[in-house]
1. Kindly list, by first and then second residue, each pair from a residue in the stretch 26-54 that is farther than 24 Å from I85 by Cα to a residue that is acidic (D, E) and modelled with pLDDT of 85 or more, limited to pairs with Cβ atoms under 8 Å and residues at least 6 apart or on different chains.
2. Could you tell me which of the residues S33, S50 is at pLDDT 85 or above and small (G, A, S)?
3. Just to be sure, is I85 exposed (fewer than 14 other Cβ atoms within 10 Å of the Cβ) and in a strand (DSSP E or B)?
4. Quick one: which strands (runs of 3 or more DSSP E) sit completely within the stretch 1-48 and have at least 1 residues that are basic (K, R)?
Amino acid sequence: MSGETQLAVPIKVKVANGDILQCTSQIEQVAWSSSGYQFLADMKVLSLSSYDMILGLDWLEHFSPMQVHWKHKWLFVPYRGSTAILWGMLDEIPEGAIVRVCSVQTQPSETPCFSATRYTIVDRCFC
């Protein structure tokens with residue numbers, strides 16, 4: 001992986017399913033974004049089966065204090081003198097939510113007998 005450096009001392013990371021993974025390297029100052037907000041962070045390299053990235057306690061501590069709503073899967077974090085709202089993947093839209101579609105990707109239907117266009121909500125905002 002480009003920019004990957006070895007850690008002076010490997011660390012053990014306990015992940016959500018209880019497994020302990022060995023981390024021996026990191027990538028410094030990785031630019032990443034969520035919900036339209038840009039971040040820079042040092043990323044520890046782990047072999048994850050289900051996720052692209054997990055926010056560690058070091059990142060959460062850096063952006064504390066924050067508000068979290070676990071059921072609706074959002075975080076309010078301090079961000080450049082204001083507040084960023086980061087959304088997780090929702091299985092369904094919360095009852096009573098007002099949804100504003102911020103951007104949409106379109107792609108032709110994958111089923112040959114239908115000519116409809118399928119829409120994927122890329123970013124959504126709840127009020």
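1. Q26/E4; Q26/D42; I27/E4; I27/D42; E28/D42; V45/E4
2. It is S33.
3. So I85 fails the test.
4. Hits in the stretch 1-48: 4-14, 37-44.
The values are calculated or read from the model by the stated rules, or taken from the named source; none is laboratory data. Not measured: the values here are computed from a predicted model. Virtual Cβ from ideal backbone geometry, glycine too; neighbours counted across all protein chains shown.
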